[in-house]
Amino acid sequence: MMVKPVESSFLKLQEELPRLLNRRIERRSDRPRWAMVIDLTRCVGCYACQVSCKMENGVPYEYFRTHVEVIERGTYPNVRRVFLPRLCNHCDNPSCVPVCPVGATYKREDGIVIVDYDRCIGCGYCVQACPYGARYPNPEIGTVDKCDYCLHKLEDGDVPACVANCMGGARIFGDLNHPESPVSLILASKSVATLKPETGNQPMVYYIGLEEAVRVAPGEAIVVNPKVGGVVRV
Amino acid sequence: MSSLVWDALIAVYPFFSGIAAGAYITSTLPVLFKRDELKEVSLLALLISWATLIASPVPLLLHLGFPWRAGNIFAFPQVSSPMALFGYLWIVFLVLATISIIVYNWFYSAPWFKNLSTVLAGIGVIVAILFSGYIGFIFGSNKAVELWYNPIIPISFILSAILSGLALVAILYVVVWRLSRMEVNKAALNAMGRIVWWILLLEVAFVGVEMLVRTYMQTAGWRILHNILMEQLGLSYFGVQLILGGIIPLIILSSKRATSSAGLMSIMSLLILIGVFAYRWNLVIGGQLLLEVSPYTYTTTTYTVALMGHGSIFWISAIFVLWAFLMSLALLVFSNWRMGMKTYG
């Protein structure tokens, strides 16, 4: 007697999962220029991007290629929390690249700033030169490490892990050289801002709702204390 | 995280490179600036410079993630990086110092000695200034770090380099001469004391002006940095760098009696040396205690030196022992410094 296989939704999901998690890049040009838009109005602070990045890239304990900064604004009782996902900005004029004494970090034609792990001597100069704190000395491999937009996935036509796993759809990734890519459409239609434009680095990670998120009173400076999770105003 | 990207080893490196440059400049004073009373310390200063120069890359090598790839700086130098300059400047400086020592130790009576020593001193001073200045440039040109991003730092580094070199030469002049039962020349001590005083005055003025401008500007980052300086680095900044290594020697050495006294000069020079080390420490470590995470938002961190492990007290002590060994070796091998004024005077 033939046993009919059970139609399990769980099994179906298991089959579908790789396809769902590996979202393909559909609209791209022959010579892509990759960029990311982060919509802060859609970020819910779930840390899925942070966790998936660590899993995908084997990022060591206590270090991050991307992380979600939690910023508190206002004074009691009028307070709010802002989630600010951060990663390498793959700047057009990166300050980390010219300082490398051995040319181990460079900007590719497609806009991605990467580290040549075979050449890097691990001096940490690029870590110091990055105004976004996006690099870290990887104690497991001895060199500096950073976000590379999940280059291995990108070369297979998939979006980076943080984008694929963003449950709120806050991270949008695409080719600036394709007029109908998601990032091109957003940049053409919405108001975006970058972190620290005054550095002259010309960051290529754009934020929607940044000004609203980081707005502070004139002259106010805020210290996020990582030890107690508290906020100190100076 | 309690560990910093550039830990205590990186604070040791500019301290060493400053001494190497400063001691070399001290050795050139009789030749280039006709300070004949300092002829006696020329070879001693050169030996200090040479030994310190050899020891100076050790903290850097120990700090690298891949020390055995250090040769990449020579194989694939990126000219836009001030750090890439290091290898070349270091080699040129070491070659110059070595030739100078050989000439001063064995060929001081040759007819071409004066001309060659003048040429070596002239080139050497430029290389020494570049050597200490480029490190200041690495910090001063870094726009990502609030405390470092400052055009005064390269100049301040050159001044403090000369200061630390002169101070160590003065200390070792007294110690080595006393141990060798030789008479310390008060004119030489006094000359070093006067130069140290003027440079210290400039250095304190530079640091003071920098503080004044930053305090007046009241940028958001500076206000937090100021808190770090007052709290975490309060003792090493105000106590050691400014008061112990700056104001006190400046007051004491303003008297000619102090600069002519071997004991007082040694103590004041030691204070200056400690102050210069504190300056390197406060700059390298202090700069990294504050990180701007987004506009007007900062995180602070703390740092304590570990007893063992990477960048620990153990390794720093080992480097200082190596440095002392190299200096002793140099004094034993190139022993003409014993001739003192009889040779060059």
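A few notes on this one:
- Positive-end extreme of charge dipole, the protein assembly as shown - chosen from B:MET308, B:LEU179, B:VAL213 (charges on Cβ): B:LEU179
- Inter-chain Cβ neighbour count for B:73-86, averaged per residue, equals 5 (cutoff 10 Å, partner chain atoms only).
- Between A:SER52, A:SER29, A:SER189, the GNM of chain A built on Cα springs shorter than 10 angstrom shows A:SER189 fluctuating the most.
- Here the gap between B:PHE206 and B:VAL92, fully extended at 0.36 nm per residue and compared with their Cα-Cα distance, gives a gain of 38.1 nm.
- Structure-based [θ]222 nm, chain B - -39500 (n - 2.57) summed over DSSP H runs of at least 4, per residue, nearest 500: -23000 deg cm²/dmol
- At most 12 other Cβ within 10 Å, DSSP loop - trypsin sites (Lys or Arg not before Pro), the stretch B:1-88: B:LYS34
- Reducing the stretch A:188-208 and the stretch B:198-232 to their Cα centroids gives an inter-centroid distance of 32 Å.
- Extension gain (nm, one decimal) between A:PHE10 and A:HIS152, 0.36 nm per residue minus Cα-Cα: 48.3 nm
- Remark: mean inter-chain Cβ contacts per residue of A:95-106 equal 6, using a 10 Å Cβ-Cβ cutoff to other protein chain atoms.
- Relative exposure of B:VAL284, B:VAL41, B:VAL174, judged by other C-beta atoms within 10 Å (fewest first): B:VAL174, B:VAL284, B:VAL41
- With the charge dipole of the protein assembly as shown set up from +1 on Lys and Arg Cβ and -1 on Asp and Glu Cβ about the Cα centre, the Cα lying farthest toward the positive end among the listed residues B:GLY263, A:VAL59, B:ASN115 is that of B:GLY263.
- Listed residues B:ALA258, B:ALA161, B:ALA128, most fluctuating in chain B (Gaussian network, C-alpha, under 10 Å): B:ALA258
- Long-range tail of P(r) for the stretch B:131-264 (Cα pairs > 26 Å, %): 33 percent
- Sorted ascending by nearby beta carbons within 10 Å, beginning with the fewest, B:THR215, B:THR300, B:THR52, A:THR194 become B:THR215, A:THR194, B:THR300, B:THR52.
- Taking the inverse of the mean 1/r over every pair of distinct Cα atoms in the stretch B:34-130 gives a Kirkwood hydrodynamic radius of 15.1 Å.
- Applying both filters, DSSP loop and at most 16 other Cβ atoms within 10 Å, to the chymotrypsin sites (Phe, Trp or Tyr not before Pro) of the stretch B:133-194 gives B:TYR149.
- Subset of A:LYS146/A:LYS190; A:LYS107/B:LYS143; A:LYS54/A:LYS190; A:LYS107/A:LYS196; A:LYS107/A:LYS153 violating a 25 Å alpha-carbon distance limit: A:LYS146/A:LYS190; A:LYS54/A:LYS190
- At most 14 other Cβ within 10 Å, DSSP loop - GluC sites (Glu not before Pro), the stretch A:41-124: A:GLU62, A:GLU109
- Residue-count net charge about A:ALA104 - beta-carbon cut-off 15 Å; Lys, Arg +1, Asp, Glu -1: +2
- Sum of side-chain charges, A:PRO139 neighbourhood, beta-carbon under 12 Å (Lys, Arg +1; Asp, Glu -1): -3
- Within the shell of other residues whose beta carbon sits under 11 angstrom from the beta carbon of B:ILE155, the net charge comes to -2, with Lys and Arg scored +1 and Asp and Glu -1.
- Exposed-loop-free span, longest in chain B, where GluC sites (Glu not before Pro) count as exposed if DSSP calls them loop and at most 15 other C-beta atoms lie within 10 Å: B:1-182
- Semi-axes of the equivalent ellipsoid of the protein assembly as shown are 55, 26, 20 Å, computed as sqrt(5λ) over the eigenvalues of the C-alpha gyration tensor in descending order.
- Between the stretch A:44-97 and the stretch A:113-186, the alpha-carbon centres lie 13 Å apart.
- Taken residue by residue and averaged, Cβ atoms of other chains lying within 10 Å of the Cβ of B:139-149 number 3.
- Prolate/oblate/rounded call for the stretch B:203-261, Cα gyration tensor, a/c under 1.5 rounded: oblate
- For the stretch B:130-182 and the stretch B:72-96, distance of Cα centres in Å: 19 Å
- Cα-only Debye scattering, chain A: base-10 log of I(q)/I(0) at q = 0.13 Å⁻¹: -0.85
- Label point distance in nm, B:PHE113-B:ILE247, each placed 7 Å from Cα along Cα→Cβ: 4.7 nm
- Highest-MSF residue in chain A out of A:LEU11, A:LEU84, A:LEU187 [GNM, Cα springs under 10 Å]: A:LEU11
- For the stretch B:25-163, the residue among B:SER81, B:ILE162, B:PHE137 whose Cα projects farthest onto the positive side of the dipole built from Cβ charges is B:SER81.
Every number in this text was worked out from the coordinates using simple rules, so none of it is lab data. What you are looking at is a predicted structure, and each value in this text was computed from that prediction instead of being measured. Counting neighbours? That spans all protein chains shown, and the Cβs are built from the backbone with ideal geometry, glycine included.
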